[in-house]
Amino acid sequence: MSLTDATYLDYQATTRLANEAFDAMLPYLNAHFWNPHSAHKLGRAVAASVENARDNVAALMPPGGRVVFTSGATEALNLAIKGSMTPTSIIAVSAIEHAAVLDTADWLAGQGATVIRLPVTPDGLLDLAAAEQLLPDRIDLLAVMQVNNEIGTIQPVEALAEMAHARGGLFLCDAVQGYGRLPAPANADMVAISAHKIHGPKGIGALWVRDGVMLSPLIHGGGQEQGLRSGTLSPALTAGFGAAAKVALARMEDDARHVQHLWQLAIKHFSDWMINGSVEARYKGNLNIRRDGLDVARLMSEVRDVAFSAGSACASGSGRPSHVLRGIGLSDAQAKKLYPFGVGPLYDARRHHIGRRNVKRRRRGNFMITVNFISHDGETEKLVQAQVGDNLLKVAQAAGLPLEGTCEGQMACSTCHVIIDKLWFDKLPRASEDEEDMLDLASGARRTSRLSCQIDLTAELDGLVVHIPTESRSMQGV
Ligand code: PLP
């Protein structure tokens, strides 16, 4: 089995680059290679693309702040903490923060700062009563993440921001796992995010800073990024980040529905496992489960074609027991019985049980899948059962859908083209360039067009959504 055939369930570690992000990046990797900080026309052209990307990233943030691009969330969190604090500061952090927060706070403690670690409840939520007791009347910074990267719990960040403000402090939110999936924390003072968790490129993130919050730079030099982060920006990375943010904003509701659907499937499959962390206050794209008598290292070596993680990707190679699982009260031995996994918006809905279904197919000889035909205007919908290997056009016609077109073999037909949902588009065999051109010309269609006579159904296409034209062919039979 090739690496790309593996079932990927590690969306908390990273996500696949969205096609839109890839397409947005390409020009800046070749033809438009200019320096965005150059004063000439070419430099200004790419600088404009950087600002456009900044606007797209900011569109998912509250109003009244600015986006500072960094190399990722680790740098953004370092900038936020080291750039706003001094060796006399009082800093509070939750015990289950990412190492980028905990280690930076500890470094400042080494310089003389006071660092208070706030405990979490066994549910993985910050213990508010303990926080009220442990926090002094005045603090300088409280840092709590929005969604935990290991157990997916969602912290009450807005109440925590108020707790920080009531003590005269700033509130920093690591929103890496929540950005683009949940509304941004409205009253945070600084928010750290990372492109590669939302189907953008690796190597870029940002710190959102509320207007009026003063920061000192960590990196000195040419004064780029509003004097906060010197160094030439990569327009390819900013364009990819901007495009991914735009897709995330446009798809937020659809993705949430999709993730909820996957969650339902997952908890059904794993109904006899224990879930770590709150089930309610949780991003449902994260499942972190354990089972007595099961060793995760062994499971990993036995289920090699499923990529899941045991602990956060950053610490899993270190052999260190997870501080998050310790934080919620699990022993090291219990933590070894974990099978955490994450699902993401571009994660294909069915893949999780394709493994199981393929087994069934081999045993039974034939294998049914479902195709969902929806009229372009979205008003009519028909779910059709088809057999793997069937041709899509024939399936539609057999179901009485008025989808015409017998291919004349010369790409001359322009009657049976359909629009395939983006989620499944990548699973289809690639159309030739001629086909794509013809489709675009014939229908003014988006990139997701395909000729239905070209598509033979495979197991991976289970759940395929096909939009069929309504203008020339009515969907009244549907
Ligand atoms: N914070 C959280 C919650 C994360 O999950 C990660 C990445 O795993 C980071 C921070 C660090 O992000 P980056 O990889 O962009 O440095």
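Some observations on this one:
- Set side by side, the residues Ala80, Ala48, Ala24, Ala95 differ, and just one is under 25 Å from Val120 (Cα atoms) and either out of contact with any Pro (no Cβ under 7 Å at 6 or more places or on another chain) or within 12 Å of the ligand (Cβ to nearest atom) (or both), which is Ala80.
- Boolean, Thr86 is without any contact (Cβ under 8 Å) to a residue 60 or more places away in the chain, in the same structural domain as Pro185 (by TED's automatic domain parsing), in contact with a strand residue (DSSP E or B) (Cβ under 9 Å, 6 or more places away or on another chain) and hydroxyl-bearing (Ser, Thr, Tyr): no
- Residue pairs meeting the criteria (Cβ under 6 Å; at least 6 apart or on separate chains; first of a type outside the set (Gly, Ala, Ser) and at pLDDT below 80, in the stretch 302-330; second more than 13 Å from the ligand (Cβ to nearest atom) and outside any loop (DSSP other than H, G, I, E, B)): Pro321/Asp332; Pro321/Ala335
- Options Gln146, Gln111: the member that is free of Cβ contacts under 8 Å to residues at least 60 places away in the same chain, crowded, with 24+ Cβ neighbours inside 10 Å and of a type in the set (S, T, N, Q): Gln146
- When the stretch 195-221 is limited to residues that are basic (Lys, Arg) and under 26 Å from Leu170 (Cα atoms), the one that is farthest from the ligand (Cβ to nearest atom) turns out to be Arg210.
- Listed conditions (1) in contact with a helix residue (DSSP H, G or I) (Cβ under 8 Å, 6 or more places away or on another chain); (2) in a loop (DSSP other than H, G, I, E, B); (3) within 16 Å of the ligand (Cβ to nearest atom); (4) at pLDDT 95 or above are all met by Ala192, apart from (2).
- Residue count for the stretch 8-59 satisfying the condition of being more than 26 Å from the chain's Cα centre (by Cα) and of a type in the set (Lys, Arg): 2.
- Failed item in (1) crowded, with 18+ Cβ neighbours inside 10 Å; (2) more than 13 Å from Phe241 (Cβ to Cβ); (3) under 23 Å from the mean Cα position of the chain (by Cα), with Arg66 passing the rest: (1)
- Boolean, Ile151 is within 13 Å of the ligand (Cβ to nearest atom), buried (at least 24 other Cβ atoms within 10 Å of the Cβ) and not in a strand (DSSP E or B): yes
Conditions (1) under 30 Å from Ile81 (Cβ atoms); (2) among the aliphatic types (A, V, I, L, M); (3) outside the structural domain of Pro122 (by TED's automatic domain parsing), marked per residue:
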{"residue": "Gly223", "(1), (2), (3)": "yes, no, no"}
{"residue": "Gln260", "(1), (2), (3)": "no, no, yes"}
{"residue": "Gln264", "(1), (2), (3)": "no, no, yes"}
{"residue": "Ile275", "(1), (2), (3)": "no, yes, yes"}
{"residue": "Ser278", "(1), (2), (3)": "yes, no, yes"}
{"residue": "Ile289", "(1), (2), (3)": "no, yes, yes"}
{"residue": "Glu302", "(1), (2), (3)": "no, no, yes"}
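- Sole residue being at pLDDT 95 or above and closer than 25 Å to Val147 by Cα, chosen from Leu218, Leu237, Leu228: Leu237
The values are calculated or read from the model by the stated rules, or taken from the named source; none is laboratory data. Every value quoted in this text rests on a predicted model; they were computed, and no experiment measured them. Heads up, the Cβs are rebuilt from the backbone with ideal geometry, glycines too, and the neighbour counts pull from every protein chain shown.
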